[in-house]
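Just below is one structure, and these are the notes that go with it.
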């Protein structure tokens, strides 16, 4: 019998399958990482817009006589004041008044049907006219 060195066909096939499985796992991890990064960028941008909108809404409501004086409105999925977009990806926006307080509720929308990300922001602002509703 000859003393041959090398790998058998079975050993090569097992190694090929193992390497293929590792490549598939690595590709899956890379894809997941990219999706997570994209999600984080979008969410961070949404929150930055929301912070900007909250500052404008608070300022406007503090100076307003009534909630109807607020110039911020929902246009599609954008929160706008005049022709300036304050925040995007907004699902709902409501302002109500109880006495001297204006209650604001903003619901952040979901960018895709696959994403269940939503967020609600609620805050109250004391209005200039503390005498109550008109």
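Throughout, read-outs are computed from the coordinates displayed, never taken from laboratory work. Bear in mind that the values here come from a model prediction, so they are computed numbers and not experimental data. Cβ atoms come from the backbone with ideal geometry, glycine included; neighbour counts cover every protein chain shown.
Sorted into 10 angstrom bins from 0, the C-alpha pair distances of the chain split as 11, 28, 19, 11, 8, 7, 6, 5, 3, 1, 0 percent.
With contributions of -39500 (n - 2.57) from each DSSP H run of at least four residues, the per-residue ellipticity at 222 nm computed over the chain stands at -15500 deg cm²/dmol.
In terms of surrounding Cβ atoms within a 10 Å radius of their Cβ, 123, 7 rank from fewest to most as 7, 123. Relative to the longest principal axis of the Cα atoms of the chain, the long axis of helix 9-63 lies at roughly 10 degrees.
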